[in-house]
Structure formats: structure tokens, C-alpha cells
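Notes follow once the structure below has been shown.
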Amino acid sequence: MGSGHAHLFSIARAGTFASRGHHLTLVAPGPFHYSGMGPGLLSGEYRADEGSIDTGALVQARGGTYVRGSVRRVDAARRRLVLDDGSIVPFDLLSLNVGSAVPALPGRHDFVVPAKPVEGLARLRERLLAAPPGTAPLHRVVVVGGGAAGCELAGAAAALRRRGGRIGEVSLVTAGPRLLDSHPPRAGRLAASALAEQGVRLVTGVRIAGSAPGVLRPARGEPLPADVVIAATGVAPPPLLRESGLATAEDGALVVDECLRSPQDPAIFGGGDAVAPGGRPLARVGVHAVRQAPVLFHNLLAAAEGRPLRPYRPQRRYLLILNLGDGTGLLLRGRWAVRARWARVLKDRIDRRFMSRSRQARGP
């Protein structure tokens, strides 16, 4: 269920399941969209097709089944999924990779674009490019959230402005005292410098209490003018998991053991943003889901065949590279933070290689 990072490895190997007497069914509302390319999708660095994979076609090409739809309910007791249209998908083993969503900002939301799902950023780019010069006022774009996604999207909006987008002022608003406050102070300083060089207005220490078309209302201080708001205030698992009756962590993520299996139900596995190994959610970065993918593949086959499962050992330190929109990347690992053009080149190579390998359907 779901075609996120943690499932791509298994989807591309549906033929392996078939060769061993099993059948893989993918249930997902649409293609896979790679979050690592999301900011570049907004800025115009990438085309929409470069950052997506038709996972339905991929699984069918290897002998599996694709069911396009959204799941309304996970009925673990009866071993079935109930879709929004009322149809039923039965299962013997279930793996959940349902991702995460950005919590809604207070107030009106019709002019707010969340950082996820990623495909919404492509639509926003078209909107910001739509009006020919001189025919409409420039959009005041405000990004809310000072984490990695907020910094990348503010840089992407500034880059789109340079590419001819109908954008006036770009602002980044964060409730924290600085950018990237979960990383070393140097990382925040480097990100702030890169954004300031691109003309992005930084507003720190401001929590948004309400929103309406044309304005954001902070908990304190003067209203902030905004024609387009990009919400990058963190992510949370969908309520579907909590409503399933399965054990979930405080934030609603599915509790799994070290083998990515529900300790409550041995027929259910999961990976990505919406699981909490040992009840403690990992940092919601793609590297965990990508590294969980081969473990999930092995464990689903092993569970079907009564063989031992393999544990997933999360990295304590991992590489994270932000696309700052100006041709530079911010490379983060542990206490290390470097801003350089070679870091942006490295990120592009990693992202393109990941997409290329994930598109290749593999046999048994």
C-alpha cells in the first residue's frame, strides 16, 4: 500500500515474487513523485517526468497487479483494504508505505500550497508562470517553515523569479530563532546567507496563528502580506494508521519492530515516514526509507516463506544535501556543514541515479 521510497525496490522486483509463487499487488492513488527533486520541480530545474515514476506500469510490467485508488480503511482483522470507492483488496501480507503530509495552517487554506504532495509544486510553478509580463500584479510568495524543506522551497521560489516567474517578494517565516534549528548553527547561517543573497526576506521568531487570502496573521505583530503561501512546517503520518486500530506512536506513526513488522500483527510491515521503529519515529528524511527498501523486500519474501527476517539498522549519521536554488548545495552530515557548488552537483547526480535505478524493472 503506497508507492513511496521504501516500496520502489519491491515494486521493481514484482517478478521475483511471481517466480517464487507469490503475487504482488500495489495499491496507490498515482505515480511516485520524488521529494528530493521537489524544490527543483518548483524552480524549473527539473521537468515533472524527471521527478516521477509510473509505478503502476512498473509493477504490471513485472507480472504484478496495480490497483489505482486511495485506501479508506485498513481492516487488519479481516485481512483487507477498503478503498474510497468501496472496493475491497484482500491481502495475506501487507506493507504500508503511505508517506506523510504537512499539517494545515490555521485559517483559510485555498491559497496555501503544502510542500507535500510534491506534484502540487509543479502545479504551483505553472500558476506562477502563467500570466505574461505586464498583465497581472506580481505574487508575494511566503514560505512558512525554517527547516530543510522551507529553506529549499524559498530558494526555489527565488530561482523561479529569476527564470521569469511572476513573483515579487519572497519571504521565509519561521517560528524558531534561526533557520535549520535542528542542525548545527553554522548550517543555519549558511542557509540564511544563501537565501539573503537571492533577495529572500527572512522573518524569524514568528508563529502563524491564522491565514486568509492576501494575508498571514502571526500570533504577535503585524499581518504579513501573502498572495501565495507554501507550507513547509514539518510532516505527520496520515490519520488512517491510527484509525486502523494498529499500535501507533504518539504522532500516529505505525509502530514496527527492528524488522519493520508490526509487533501487534505479524502480517503487517511498513517503511518510510509513517513508521516508528520501537515506537520512536526516525528523522523524516528520504535516506531512511531508501535504506529500508531492500530490508522490506527481503522480509516480505521471508515472511511469505517462513524464513528468518532481517533487521533494519538506521544510520546514526547520514548525508543530507539541500538545493539552495542558486546553484549551490548545503551539505550536512553530523556537525559538518558546507555550502558549495560541487555539493549541488553531487546532489543532482545522486537524485538522477536514484531515479534511473528505481525505474529499471528487474526480474527474478
_Filtered residues of the stretch 14-41 (kept if surrounded by fewer than 19 Cβ atoms within 10 Å (Cβ to Cβ) and either free of Cβ contacts under 8 Å to residues at least 12 places away in the same chain or part of a helix (DSSP H, G or I) (or both))_ = GLY15, THR16, ALA18, SER19, GLY21
*the stretch 246-281, subset over 19 Å from LEU8 (Cβ atoms) and of a type in the set (D, E, K, R), residue most open to solvent (accessible area, probe 1.4 Å)*: GLU250
*Could you count how many residues in the stretch 256-273 are over 15 Å from PRO314 (Cα atoms) and either of a type in the set (Phe, Trp, Tyr) or out of contact with any Phe, Trp or Tyr (no Cβ under 8 Å at 6 or more places or on another chain) (or both)?*
6
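PRO223 - would you say it is surrounded by fewer than 17 Cβ atoms within 10 Å (Cβ to Cβ) and either out of contact with any Cys (no Cβ under 6 Å at 6 or more places or on another chain) or in contact (Cβ under 8 Å) with a residue 40 or more places away in the chain (or both)?
Details: surrounded by fewer than 17 Cβ atoms within 10 Å (Cβ to Cβ): yes; either out of contact with any Cys (no Cβ under 6 Å at 6 or more places or on another chain) or in contact (Cβ under 8 Å) with a residue 40 or more places away in the chain (or both): yes.
It is true that PRO223 is surrounded by fewer than 17 Cβ atoms within 10 Å (Cβ to Cβ) and either out of contact with any Cys (no Cβ under 6 Å at 6 or more places or on another chain) or in contact (Cβ under 8 Å) with a residue 40 or more places away in the chain (or both).
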*asked:* Quick check on my filter: what residues within the stretch 201-214 are at pLDDT below 90 and in contact with a strand residue (DSSP E or B) (Cβ under 6 Å, 6 or more places away or on another chain)?
replied: ALA209, GLY210
_Whether any residue in the stretch 343-357 is under 21 Å from ASP181 (Cα atoms), within 24 Å of the chain's Cα centre (by Cα) and without any contact (Cβ under 8 Å) to a residue 12 or more places away in the chain is what I want to check._
no
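Per-residue answers, yes or no, for (1) surrounded by 15 or more Cβ atoms within 10 Å (Cβ to Cβ); (2) among the acidic types (Asp, Glu); (3) without any contact (Cβ under 8 Å) to a residue 24 or more places away in the chain:
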| position | (1), (2), (3) |
| --- | --- |
| SER43 | yes, no, no |
| ARG47 | no, no, yes |
| ARG62 | yes, no, no |
| ARG73 | no, no, no |
| PRO117 | yes, no, no |
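Name the residues in the stretch 226-240 that are open to solvent by less than 20 Å² (accessible area, probe 1.4 Å) and closer than 30 Å to VAL71 by Cβ, would you? Quick ask: steps written out before the conclusion?
The initial filter retains those residues of the stretch 226-240 that are open to solvent by less than 20 Å² (accessible area, probe 1.4 Å), namely 226, 228-232, 237.
Matches in the stretch 226-240: VAL229, ILE230, ALA231, ALA232, PRO237.
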*Report, by residue number, each residue of the stretch 83-100 that is within 24 Å of the chain's Cα centre (by Cα) and open to solvent by less than 50 Å² (accessible area, probe 1.4 Å).*
LEU83, LEU94, SER95, LEU96, ASN97, VAL98, GLY99, SER100
_Yes or no: the stretch 324-332 includes at least one residue that is open to solvent by less than 10 Å² (accessible area, probe 1.4 Å), acidic (Asp, Glu) and touching a residue at least 24 places away in the same chain (Cβ under 8 Å)._
no
*Within the bounds of the stretch 150-164, is there any residue that is at pLDDT below 95 and farther than 19 Å from SER43 by Cβ?*
no
_Six or more apart or on different chains, Cβ atoms under 6 Å: show the pairs whose first residue is in the stretch 240-258 and without any contact (Cβ under 8 Å) to a residue 12 or more places away in the chain and whose second is part of a loop (DSSP other than H, G, I, E, B) and surrounded by fewer than 22 Cβ atoms within 10 Å (Cβ to Cβ)._
ARG242/GLY252
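The values are calculated or read from the model by the stated rules, or taken from the named source; none is laboratory data. Here the structure is a predicted model, which means the values were calculated and not measured. Glycine gets a Cβ as well: all are built from the backbone with ideal geometry, and neighbour counts include every protein chain shown. Keep in mind that these areas ignore ligands, DNA and RNA; they rest on the heavy atoms of the full protein, side chains included. Shrake-Rupley method; radii C 1.70, N 1.55, O 1.52, S 1.80 Å.
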